[in-house]
Amino acid sequence: LQSLSETFLNPPSYASLQLFYIWGHSFEFEREHTWEMMEAFCEKVGQKDFVWYATNIEIKEYIEAARGLITTAKQDVIYNPSALDVYIEYQDEVKVIHPAQTVKL
C-alpha cells in the first residue's frame with residue numbers, strides 16, 4: 001500500500017489521470033490487524049488539493065458522465081450533457097469540460 005500510494009502521489013508523466021480505489025470494511029482492519037497501515041496511508045494521501053475523494057456512487061456517476069460525452073465524427077468537438085465536470089486528456093494536457101459545455105479541440 002505504501003509503495004502504491006507513493007506512485008499515486010508522484011505519478012510517472014504518462015499517468016496524469018489516475019484512480020486509486022480502496023475498498024474494505026473497518027471490521028477487516030481489526031481482523032487483519034491493519035489499522036496502523038490504513039492510518040498511515042490516510043495521513044499520507046489525505047487532504048491533498050489535487051485528489052478527488054469520492055464515494056462509490058460518485059465514481060459511478062462520474063464514469064456515466066464521462067461515457068456520456070458526445071463528440072463529432074472527427075472528435076474535434078465535445079459536448080458534456082451531464083451535470084458534472086468531466087476531465088479529459090488532450091495533447092498531453094488535462095482539460096475540464098463543464099456541465100452543458102461544448103468544447104472545440
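The values are calculated or read from the model by the stated rules, or taken from the named source; none is laboratory data. All of these numbers come straight from a predicted model, not from anything done at the bench. Don't worry about glycine lacking a Cβ; one is built from the backbone with ideal geometry, like all the others, and counts go over all protein chains shown. SASA here: full protein model, heavy atoms, side chains in, ligands and nucleic acids out. Shrake-Rupley method; radii C 1.70, N 1.55, O 1.52, S 1.80 Å.
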- With the first residue restricted to the stretch 14-32 and required to be free of Cβ contacts under 8 Å to residues at least 60 places away in the same chain, and the second required to be open to solvent by 80 Å² or more (accessible area, probe 1.4 Å) and aliphatic (A, V, I, L, M), Cβ contacts under 9 Å at 6 or more apart or on different chains are F20/L4; F29/M37
- Just a yes or no: is a residue in the stretch 58-69 open to solvent by 80 Å² or more (accessible area, probe 1.4 Å) and not in a helix (DSSP H, G or I)? no
- Task: Give just the number: which of (1) without any contact (Cβ under 8 Å) to a residue 24 or more places away in the chain; (2) at negative phi; (3) over 12 Å from the mean Cα position of the chain (by Cα); (4) open to solvent by 60 Å² or more (accessible area, probe 1.4 Å) does P11 not satisfy?
- Result: (4)
- Query: Between residues in the stretch 79-105 that are within 12 Å of Y62 (Cα to Cα) and open to solvent by 90 Å² or more (accessible area, probe 1.4 Å) and residues that are part of a strand (DSSP E or B) and at pLDDT 95 or above, which pairs lie under 8 Å by C-beta distance while being six or more apart or on different chains?
  - Reply: Y87/V96; Y87/I97
